[in-house]
Amino acid sequence: MQRVAGEPFSRYRVAMDEIFDGVFHWKAKHPSIGFDVDCHFVAGSGTAIDPLLPAEGIEWFDGRDVQRVVLSNRHHLRHGAEIAARFGCPILCHEAGLHEFADGGPAVTGFAFGERLAPDVVAFEMGSICPEDTVLKIEADGGALLFADSAIHYGELGFVPEEHLGDDPEATRRQIRERCAALLDEDFDHLLFAHGEPLLGDGKAALREFAAG
């Protein structure tokens, strides 16, 4: 379904939506926090990012050559273990977050910032909300940056509530803006979020404004 320019993305939301060429977005209610979060699948490399199961069920992924589950931070396992078990694929999280999985649970493999996780997915450092907080660059349809918890988008680009910004919220916000400014050197048109609606087509201008404060 194509979004009409200037119209809110949410008006055109469907359960599983190909928001641009080869990249799917869906929402699902998080079983622990009780409200909708955002999930993505990059078809070109078979990469599920921060996935909860969609309304269509895990069967939606059958025949789509799922190759890996990528977590944008350690708190976003969601239903990644179920997907990894069904398709025999690895779960990836930045190495600074691996302690979350040390006492049982699924096997999770670490990656480093700057590493290419898939032919069309690269990990960039944010590390502001938590040390492993990652921005994922998706190299499809002009490019997209996907944010874990450092930026959210519900009507406007912003920060998570202050209680999640650590002991010095203003310093955390300043660091996020600085690292967003550094990302402006990358090629991308879209912004995606683990918490928030996709921002399609004018992502670089929006991120530049956000980084400037």
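The values are calculated or read from the model by the stated rules, or taken from the named source; none is laboratory data. All values reported here derive from a predicted model rather than from experimental measurement. Neighbour counts are summed over all protein chains in view; Cβ atoms, including those assigned to glycine, are modelled from backbone coordinates with ideal geometry. Please note that ligands, DNA and RNA were not included when accessible areas were found on the heavy atoms of the full protein model with its side chains. Shrake-Rupley method; radii C 1.70, N 1.55, O 1.52, S 1.80 Å.
Quick notes on this structure:
- Mean residue ellipticity (222 nm) of the chain, computed from DSSP H runs ≥ 4 via -39,500 (n - 2.57), nearest 500: -4500 deg cm²/dmol
- For PRO51, neighbours were defined as the other residues whose beta-carbon sits under 13 Å from its Cβ, and their charges (Lys and Arg +1, Asp and Glu -1) total +1.
- Antiparallel DSSP beta bridges within the chain, as percent of all bridges there, nearest 5: 70 percent
- Of the three principal axes defined by the Cα atoms of the stretch 138-213, the extents in descending order read 38, 22, 18 Å.
- Percent of alpha-carbon pairs separated by more than 25 Å within the chain: 33 percent
- Qualifying aspartates and glutamates (Cα of each under 12 Å from Cα of LYS29; at least 8 residues distant if same chain): ASP38
- Neighbour net charge for ALA28 - beta-carbon separation under 11 angstrom, K R +1, D E -1: -1
- Rounded percent of accessible protein surface that carbon and sulfur make up, the chain, 1.4 Å probe: 47 percent
- Here the relative contact order of the stretch 56-122, from alpha carbon pairs under 8 Å that lie six or more residues apart, stands at 26 percent.
- Paramagnetic reach from SER32 (point 7 Å along Cα→Cβ, amide N under 15 Å) across the stretch 75-89: 75-82
- Cβ-based net charge around LEU98, under 13 Å, with every Lys or Arg adding one and every Asp or Glu removing one: -3
- Cα gyration tensor category, rounded, prolate or oblate, for the stretch 80-200 with a/c compared to 1.5: oblate
- Restricted to Cα atoms, the stretch 16-105 shows a radius of gyration and a Dmax of 12.6, 39 angstrom.
- Å² of accessible area per residue within the chain, as computed with a 1.4 Å probe and no ligands counted: 45 Å²
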